[in-house]
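This report concerns only the one structure given below.
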Amino acid sequence: MTEVRVRIAPSPSGNLHVGTARTALFNYLFAKKNNGKFILRIEDTDADRTSQEYVDNIFDSLKALGLNWDEGPDVGGEYGPYTQSERFDIYPKYIQELLDKGFAYECFCTPEELEAEKEEATANKKAYVYSRKCENLTEEEKAKLRAEGRKPAIRFNVAKAQKAFHDSSILEFEDLVKGKLHVDTNLIGDFVIMKSNGAPTYNYAVVIDDALMKISHVIRGEDHISNTYKQILIFEALGFEVPRFGHLGMILAPDRSKLSKRHGATAVSDFVKQGYLTDALINFVALLGWAPSDGEEIKPVEKIAEDFRIGEISSSNSIFEYDKLKWMNSHYIKMV
Ligand code: GLU
């Protein structure tokens, strides 16, 4: 069996969120259970939205929770350090491969042209899908556009990749948590994998990194399911082994809306500032989607790791009950 290698890949656009802590924990538990490796990768391709302060907060919060990574920033090792902005020289090579294989093409459309396409779709009450008007540009046409000073972005050719590896337009995969999932790829527009300034986009960089880091299982929030289809196609187009995917339900506030600051703290460091013990916090977070087989909810992470089975994670959303966290915290306070 191939080695289990999982990762948590936070974008440093804020302090470590409890939802990311839960994703990190489930990856960590899955690695422990399978003698695998738990990897930390900082996804900072979007330089405008990231800061070193948040990177430090992510490191500190994961460490405080005991979620120590086996490879990644400040540990080094064979594959580290993993910070996407330090890997920019790796990404162009595979873009070229996709272009050479015909699974990608240059797109010279301006933001204004794309905006007009979107407006037209909205006016016709249609979901927007890129028109693919640059798919078949001739070399002369491209040279002319270049001469006008236009710099192309690179788009992935969804239909071509789908056709090369599947019998119909339906793309299906077996999710570790949710079972079989599928999409009609006709609904996925040819998406940008490299911006005109040369920066890789999330869906592209994540595939290159997951492939090169030999990630075997991708466990993350269900808000990424629509990305997973795009990513599977890129894995296939580059001839990489496709990892297994598992998508976790979302964490909702007690009023069933998206958990946000107006409900209370959401960052691990804020809970710590408010006096919550990290042992209580991590135990509580484990119960957001997972339940112990003996019904005994108060358990240290080592015990949870023994009992943890990914297939038993609930595929539905979990409610973040602040009162329950308070109760659990008082229990842990009495124990120290
Ligand atoms: N950087 C992504 C995020 O913070 C993680 C994506 C992933 O796990 O693939 O949402």
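Any read-out appearing in this document is the output of simple, stated calculations on the displayed coordinates, not a laboratory observation. Remember, predicted model here, so these are calculated numbers, not experimental data. Quick reminder, even Gly has a Cβ in these numbers, built from the backbone with ideal geometry, and neighbours come from all protein chains shown.
Please give me, ordered by residue number, the GluC sites (Glu not before Pro) of segment 109-150 that lie in loop per DSSP and have at most 10 other Cβ atoms within 10 Å. Here the GluC sites (Glu not before Pro) that fit, given the DSSP loop and packing criteria, are 148. Peptides 322-329, 180-187 ranked from most to least packed give 322-329, 180-187, packing being the mean of other C-beta atoms within 10 angstrom over each peptide's residues.
Counting DSSP beta bridges in the chain, what percent are antiparallel, to the nearest 5? Once the DSSP bridges in the chain are tallied, antiparallel ones form about 55 percent.
The loop-placed GluC sites (Glu not before Pro) in segment 216-274, going by DSSP, include none that has at most 10 neighbouring Cβ atoms within 10 Å of its Cβ. Qualifying chymotrypsin sites (Phe, Trp or Tyr not before Pro) in segment 47-141, where qualification requires a DSSP coil assignment and no more than 10 other C-beta atoms within 10 Å, are lacking entirely. Unpaired Cys in the chain, meaning no second Cys C-beta under 4.7 Å: 109.
Computed from the C-alpha gyration tensor, the three semi-axes of the ellipsoid equivalent to segment 11-150 are 40, 20, 16 Å, from longest to shortest.
Here residue 299 and residue 180 are evaluated by their C-beta separation; at R0 = 45 Å the FRET efficiency comes out at 0.90. When the chain is treated as a Gaussian network with alpha carbon springs shorter than 10 Å, the biggest mean-square fluctuation among 100, 279, 190 belongs to 100. With N as its number of residues, segment 193-336 has a Cα radius of gyration that, divided by 2.2 N^0.38 Å, comes to 1.28.
For the chain, modelled as a GNM whose springs connect Cα atoms under 10 angstrom apart, the maximal fluctuation among 124, 27, 57 occurs at 124. The length gained on full extension between residue 96 and residue 48, counted as 0.36 nm times the residue separation minus their Cα-Cα distance, comes to 14.7 nm. The convex hull defined by the C-alpha atoms of segment 130-274 has an orientation-averaged projected area of 12.8 nm². When the Cα atoms of segment 30-106 are aligned to their principal axes, the ranges along those axes come out at 46, 34, 19 Å in descending order. Across all directions, the average projected area of the convex hull around the alpha carbons of segment 109-196 is 7.8 nm². Restricting attention to segment 126-250, close to 65% of DSSP beta bridges with both partner residues there are antiparallel. Mind telling me which of 197, 157, 283 comes out most flexible in a GNM of the chain, alpha-carbon contacts under 10 Å? Comparing 197, 157, 283 in a Gaussian network model of the chain, the most mobile one is 197.
Computed with the Debye formula from one identical point scatterer per Cα of the chain, without solvent, the log10 of I(q)/I(0) at q = 0.15 Å⁻¹ comes to -1.31. Segment 241-318 and segment 1-79 have Cα centres lying 16 Å from one another.
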